[in-house]
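Asker: Please read through the structure below; I'll follow up with questions.
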Amino acid sequence: MGEPHRMRLLTGPTPLQRLHALEAVLGTGPLWVKRDDLTGFGVAGNKARTLEFLLGDALAAGAEVLVTGGREGSNFCAAVALAGAVAGIEVRLVMPGEETDRLSATQALAVAAGAEIVRMRAAGDGEQGHGDPGDLDAAIEAHAERLRGAGRAVYVTPRGGATAIGALGYAEAAHELADQLAALEVSPQHVVVAVGTGGTVAGLLTGQAELAAGWSLSGVCVSSPAAELAARITSLSAGCAALRGTQPGHALTLTDAAGAHAVLTEEQERLADLAFTTCGLLLDDTYTAKAFQRAVVLAGRTSRPTVFWHTGGVVNAVHRLTSRKVVV
Ligand SMILES: *Cc1c(COP(=O)(O)O)cnc(C)c1O
């Protein structure tokens with residue numbers, strides 16, 4: 001296996017930072033944050049790492065059009081639109097819902113980057129889905145097939161870029177973290193990350209196995225239940241390890257996030273507000289505020305350090321804070 005193709009999007013390693021002020025307020029053991037909200041490509045967060053390898057692969061394959069999709073608030077769709085613009089590849093985003101002039105912030109970013117939104121019902125040959133993830137993946141595939149039929153060179157990637165190639169970014173990122181931890185002589189017990197489609201945690205699992213790391217990886221499932229995702233993550237991680245010529249990992253703990261999808265519990269909201277006012281961290285209500293709660297719980301149980309892997313979601317995090325009804 002040769003070196004995978006990569007299009008550089010990150011500005012460099014993201015900071016690893018200790019949250020002293022939060023530890024003091026919460027009375028936990030050492031709490032660190034890996035700042036992948038600062039990957040430095042638009043507001044792509046974790047998706048920048050995924051897209052370095054997906055876009056690299058698409059360019060190497062000579063793709064003219066990249067087809068993917070996601071829900072209304074998808075950070076992946078906004079990020080892939082921007083990456084496609086930079087790479088000179090057209091981007092089509094298959095999304096549920098009707099045509100509207102009231103786009104979500106991430107949809108508006110995708111359109112600003114030049115991507116075209118294709119409504120699910122118009123994606124294939126008129127088949128209508130019900131908006132669940134399986135239907136969306138089928139609609140993405142149907143739209144890609146239609147473009148291939150028209151003679152276009154198409155690159156398809158599923159929701160979240162959750163493929164073995166996409167996971168390569170986080171296998172690399174695990175090594176980046178390991179280098180930083182070694183330089184600081186910090187040896188964490190837990191590394192905690194939010195899990196949506198599972199590509200991010202799958203890559204970390206691959207990297208963790210390669211490092212024979214002394215920390216355990218904890219994934220917090222925010223959309224699909226852990227029980228549904230576990231097998232998929234294991235297989236994505238194995239595929240990623242195969243691409244890297246390494247052995248697959250297995251040491252992963254998955255838990256389900258507390259509360260309903262994209263709705264914070266009171267405790268999650270309190271912690272997210274505290275992270276903002278004590279350390280300037282922006283946490284969103286779909287992913288990072290949910291995973292952060294888990295990190296705080298784990299950090300409360302051990303005197304060894306806990307690393308919270310911030311995955312971004314900054315657009316929705318700002319929205320969380322700015323859409324509150326307040327009178328001043
Ligand atoms: C997409 C996303 C995740 C989850 O990544 P997956 O690879 O889909 O599991 C976590 N946090 C944020 C902010 C995201 O946008």
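The values are calculated or read from the model by the stated rules, or taken from the named source; none is laboratory data. Since we're looking at a predicted model, the values are computed, not measured. We place every Cβ from the backbone using ideal geometry, glycine too, and count neighbours over all the protein chains shown.
Asker: Would you check if Gly42 is at positive phi and in contact with a helix residue (DSSP H, G or I) (Cβ under 6 Å, 6 or more places away or on another chain)?
Answerer: Numbers: at positive phi: yes; in contact with a helix residue (DSSP H, G or I) (Cβ under 6 Å, 6 or more places away or on another chain): yes.
The answer is yes for Gly42.
Asker: Taking the criterion of being in contact (Cβ under 8 Å) with a residue 24 or more places away in the chain, of a type in the set (Lys, Arg) and outside any helix (DSSP H, G or I), would at least one residue in the stretch 68-75 satisfy it?
Answerer: Within the stretch 68-75, one or more residues are in contact (Cβ under 8 Å) with a residue 24 or more places away in the chain, of a type in the set (Lys, Arg) and outside any helix (DSSP H, G or I).
Asker: May I pose another question? Residue check: is Gly27 surrounded by fewer than 20 Cβ atoms within 10 Å (Cβ to Cβ), away from the ligand (no atom under 13 Å from the Cβ) and either among the aromatic types (Phe, Trp, Tyr) or farther than 21 Å from Ala110 by Cα (or both)? Can you show your working first?
Answerer: Working: surrounded by fewer than 20 Cβ atoms within 10 Å (Cβ to Cβ): yes; away from the ligand (no atom under 13 Å from the Cβ): yes; either among the aromatic types (Phe, Trp, Tyr) or farther than 21 Å from Ala110 by Cα (or both): yes.
So Gly27 fits the description; yes.
Asker: Show the residue pairs that are 6+ apart or on different chains and have beta-carbon atoms under 6 Å apart, the first residue being within the stretch 283-308 and touching a residue at least 12 places away in the same chain (Cβ under 8 Å), the second being among the charged types (D, E, K, R) and outside any helix (DSSP H, G or I).
Answerer: Partner pairs satisfying both residue conditions: Val307/Lys34.
Asker: Exactly one condition in (1) at pLDDT 95 or above; (2) assigned to a loop (DSSP other than H, G, I, E, B); (3) within 16 Å of the ligand (Cβ to nearest atom) is false for Phe53; which is it?
Answerer: (2)
Asker: Here's another thing I want to ask about it. Identify the residue in the stretch 180-218 that is among the small types (Gly, Ala, Ser), at pLDDT 95 or above and away from the ligand (no atom under 16 Å from the Cβ) and, among all such residues, is nearest to Gln293 (Cα to Cα).
Answerer: Once the filter is applied, the top-ranked residue is Ser216.
Asker: Sort out which residues of the stretch 76-112 are within 16 Å of the ligand (Cβ to nearest atom), outside any helix (DSSP H, G or I) and more than 17 Å from His143 (Cα to Cα), and write them in order of number.
Answerer: Ser104
Asker: Now a separate question. Output the qualifying pairs, or none if there are none: Cβ atoms under 7 angstrom, residues six or more apart or on different chains, first residue in the stretch 42-54 and buried (at least 24 other Cβ atoms within 10 Å of the Cβ), second residue basic (Lys, Arg) and outside any helix (DSSP H, G or I).
Answerer: Pairs that qualify, where the first residue is buried (at least 24 other Cβ atoms within 10 Å of the Cβ) and the partner is basic (Lys, Arg) and outside any helix (DSSP H, G or I), are Glu52/Arg6; Glu52/Arg8; Phe53/Arg6.
Asker: Tally time: how many residues in the stretch 236-255 are polar (S, T, N, Q) and under 13 Å from Thr197 (Cα atoms)?
Answerer: 1
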